[in-house]
Amino acid sequence: QKNIVSGTGRLMEAGMVLISLVFGLAVAGALEGYFMGPQGAGGPEVAASLALECAAAAVGSLTFAVLFEVPIRLAPLAVIGGLIAWLSTAPDLPSPTAGFLGALGVGLFSNLCARLTDRPAQAFLVPGIILLVPGVFGFVSFSQLLSGDITSGASGFAATVTTAGALAIGLLFANVLLSA
């Protein structure tokens, strides 16, 4: 629509967010190296129990439901959608497969809830699907690229794009199998 000024402003805003993320990553890495010493010298890792992981997924889904202003009476269904997404990652499947299955499950559940409650499917979909978005993979890829590990960074970026595609395909399949 020839809104050059508006488009340029949005592009610059996206660029500033990217630069801020990279700068924050570099500062965090420098602070970690200063306070934690050489890599691997940190404290013992704590293995999370299944119940703790389930509770974290439920709390995460609930906070996203609040963030995206899901009505309070529909919030429990949004939390169930988040738990369905989390269950897709439990069997240690490859990221694209888990993303596809998670998006398919959350999509089917949200479309079913939309039919039963006569509300938009997004109220149930977004709090669950946001748990599957591969943002951490992209962040780790940037970290690896910044540290000079080009091969791992490029591999992580490819995994991020593949997982994002699997999420989109899972949602498309869910809408074909059960439309809202």
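The values are calculated or read from the model by the stated rules, or taken from the named source; none is laboratory data. Fair warning: this is a prediction, and the values are worked out from it, not measured in the lab. When we count neighbours, we look across all protein chains shown, and the Cβ atoms used for this are built from the backbone with ideal geometry, even at glycine. In case anyone asks, the SASA skips ligands and DNA or RNA and just uses the protein heavy atoms, side chains included. Shrake-Rupley method; radii C 1.70, N 1.55, O 1.52, S 1.80 Å.
Observations on the structure shown:
- Condition met for Leu52 (modelled with pLDDT of 85 or more and open to solvent by 80 Å² or more (accessible area, probe 1.4 Å)): no
- Screening the candidates Leu21, Leu74 for the property of being at pLDDT below 80 and either within 27 Å of Pro127 (Cα to Cα) or within 21 Å of the chain's Cα centre (by Cα) (or both) yields one hit, Leu21.
- Figure legend. Inter-residue proximity from segment 151-180: first residues under 20 Å from Ala85 (Cβ atoms) and outside any helix (DSSP H, G or I), second residues of a type in the set (Lys, Arg) and modelled with pLDDT of 90 or more, beta-carbon distance below 7 Å, spacing 6+ or different chains. Indicated pairs: Ala180/Arg115.
- Residue in segment 80-88 that is over 28 Å from Ser155 (Cβ atoms), surrounded by 14 or more Cβ atoms within 10 Å (Cβ to Cβ), of a type in the set (Phe, Trp, Tyr) and out of contact with any Lys or Arg (no Cβ under 6 Å at 6 or more places or on another chain) present: no
- Evaluating Met36 against the criteria (1) aliphatic (A, V, I, L, M); (2) in contact with a Gly (Cβ under 6 Å, 6 or more places away or on another chain); (3) at pLDDT 80 or above leaves one unmet condition, (3).
- In segment 71-97, the residues that are outside any helix (DSSP H, G or I) and either at positive phi or of a type outside the set (A, V, I, L, M, F, W, C) (or both): Pro71, Pro91, Asp92, Pro94
- Qualifying residue in segment 107-118 (condition: of a type in the set (Ser, Thr, Tyr) and either at pLDDT 90 or above or surrounded by fewer than 17 Cβ atoms within 10 Å (Cβ to Cβ) (or both)): yes
- Count of segment 98-130 residues, restricted to those that are under 16 Å from Ala168 (Cβ atoms) and assigned to a loop (DSSP other than H, G, I, E, B), is 2.
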